[in-house]
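In what follows, a single structure is set out as structure tokens and then discussed.
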Ligand code: SF4
């Protein structure tokens, strides 16, 4: 449609609306022929656009429809979290449900840039229903603080949501049964970086049989998200050597740098 056709269409519309008493602009304003565009020197002030000058800026403004679409999207994400957590709380998909006091779903910022994934809840976590609250959790908090982040700014969860008896490593069928929860958590958060803590978490996300000694300190990818495997804080507490502490710190420095990119 050329500018004259556009002018005519608008004119007809305005006349119709005016006849309905819903427009105050006089259509005569629109009856002038389209002005021929003349180049404007760069030093000349740009005149205010005429009512008929197509102004594309509205295309970039948020429309009420876009707002409601966004609002709806935000709601549905919230609903997905609610549904996921409710399913986990009632889950009996593996034998670990029998010994749990609480399902330890995960904690923190659900829009976090950084997610820590551990192995499974221990006794303190099982009692309180929150991951990494025991001694290992306190060490993780120190690591997060040293990275200049706050615990509440990151998201923390485990591969399995119920405590394995005697803190044993979760069995493959338990990891497989619980994996849909972790998968959906990571999908919903869509973080910039994932840090896996200890061998089981790295093996689960990276689908590898390699040990943490050879995995740590290098970048991998989980569904396009960079993954940095490092030692579990519980291992650090057991082997609190200068070498291990330095290794974890070197890994976390890489994570900090990556988050700045
Ligand atoms: S560990 Fe996971 S799969 Fe097993 S019962 Fe708990 S929530 Fe369900």
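Every read-out reported here was derived from the displayed coordinates using simple, explicitly stated rules and does not represent laboratory data. Quick caveat, the model's predicted, so the values are computed rather than measured. Backbone-built Cβ (ideal geometry, glycine too); neighbour counts: all protein chains shown.
Protection proxy ranking of 173-179, 80-86, 102-108, 208-214, by the mean of other Cβ atoms within 10 Å over each peptide's residues and highest first, is 102-108, 173-179, 80-86, 208-214. Measuring nothing but how far apart in sequence close Cα pairs (under 8 Å, 6+ apart) lie, relative to its length, region 100-174 scores a relative contact order of 46 percent. Tell me whether region 139-203 comes out rounded, prolate or oblate; compute the Cα gyration tensor, take square roots of the eigenvalues as a ≥ b ≥ c, and use a/c under 1.5 as the rounded threshold. Since a/c reaches 1.5 but b/c is at least a/b, the shape of region 139-203 is classed as oblate.
Each residue, residue 241 and residue 213, gets one label point 7 Å from its Cα in the Cβ direction; the gap between the two is 1.0 nm. If the Kirkwood radius is taken over C-alpha pairs of region 116-261, then at 20 °C and 1.002 mPa s the Stokes-Einstein diffusion coefficient equals 140 µm²/s.
Name the shape class, rounded, prolate or oblate, that the alpha-carbon gyration tensor gives for region 162-239, where a ≥ b ≥ c are the square roots of its eigenvalues, rounded holds for a/c under 1.5, and otherwise prolate holds if a/b is larger than b/c and oblate otherwise. Oblate is the answer for region 162-239, as a/c is 1.5 or above yet b/c matches or exceeds a/b.
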